[in-house]
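The values are calculated or read from the model by the stated rules, or taken from the named source; none is laboratory data. Predicted model only: the values in this text are computed from it and were never measured. Cβ atoms come from the backbone with ideal geometry, glycine included; neighbour counts cover every protein chain shown.
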Amino acid sequence: MNAIKSRYVLAILLCSMGSPLHSAVGTEGASFLDIPVGARPAAMGGAYSALATDAYAPVWNPAGLGAIPDKSLATQYLSYLDTIQYEHLSYVHPLGGGRGLGGSIQYLGSGNIAGADAAGNSTGDFSSHYAAYSLDYGQAVTETERRIGNLYHALKTPYVREGLHRLV
């Protein structure tokens, strides 16, 4: 029995001793998805996964769609730094029997950015944008779990896109 316990302790220690993560310019994709969605989830410091049984479930925890009580729509607009704008839209719909369907759109646009060459001469304006789309489904694992309300699973179909455009 002690050998089994020591193996578990060793496995936990090995899993918790991962290498430190480093981020630098150009090394992280879709970082706009780190912008918190919703006032309540943001106020909770992102610790919202277990409570996501509303219109924010597609972003925070799609399995929560199995516990949504009613149709719900959430929108968010954020005028970020300078000309950067962030927008979010999500909708959830209960299907009954501990099942739910939802979708979300997240968009970050840079606005116009003045382009210049190494000498400082204008090369024209450009803009960039980032978008994430998802269609999600969540349901209780069994009828008993639906009544108790503590075990759900989900299917998430995300699509992330980014673009850079020269403005004429």
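Some points to look at:
- For the stretch 118-131, the criterion of being within 24 Å of HIS165 (Cα to Cα), touching a helix residue (DSSP H, G or I) at 6+ places or on another chain (Cβ under 6 Å), outside any loop (DSSP other than H, G, I, E, B) and modelled with pLDDT of 85 or more is met by at least one residue.
- Selected residue (only one of LEU89, LEU164 is over 22 Å from TRP60 (Cα atoms), among the aliphatic types (A, V, I, L, M) and under 26 Å from the mean Cα position of the chain (by Cα)): LEU164
- Matching residues in the stretch 95-126 - criterion: being under 29 Å from GLY38 (Cβ atoms), hydroxyl-bearing (Ser, Thr, Tyr) and surrounded by fewer than 18 Cβ atoms within 10 Å (Cβ to Cβ): TYR107
- Subset of the stretch 24-62 that is among the aromatic types (Phe, Trp, Tyr) and at pLDDT 85 or above - its residue that is surrounded by the most Cβ atoms within 10 Å (Cβ to Cβ): TYR56
- Test: SER6 is modelled with pLDDT of 90 or more and not in a loop (DSSP other than H, G, I, E, B): no
- Residue that is farthest from LEU89 (Cα to Cα) [pool: residues in the stretch 99-129 that are out of contact with any strand residue (DSSP E or B) (no Cβ under 7 Å at 6 or more places or on another chain) and of a type in the set (A, V, I, L, M)]: ALA119
- Odd one out for THR157, checked against (1) in contact with a Leu (Cβ under 6 Å, 6 or more places away or on another chain); (2) touching a residue at least 24 places away in the same chain (Cβ under 8 Å); (3) under 25 Å from PHE32 (Cα atoms): (2)
- Flag for TYR77 being over 19 Å from LYS156 (Cα atoms), in a strand (DSSP E or B) and modelled with pLDDT of 85 or more: yes
- Residue count for the stretch 32-59 under the criterion of being within 17 Å of TYR133 (Cβ to Cβ) and of a type in the set (Ser, Thr, Tyr): the result is 1.
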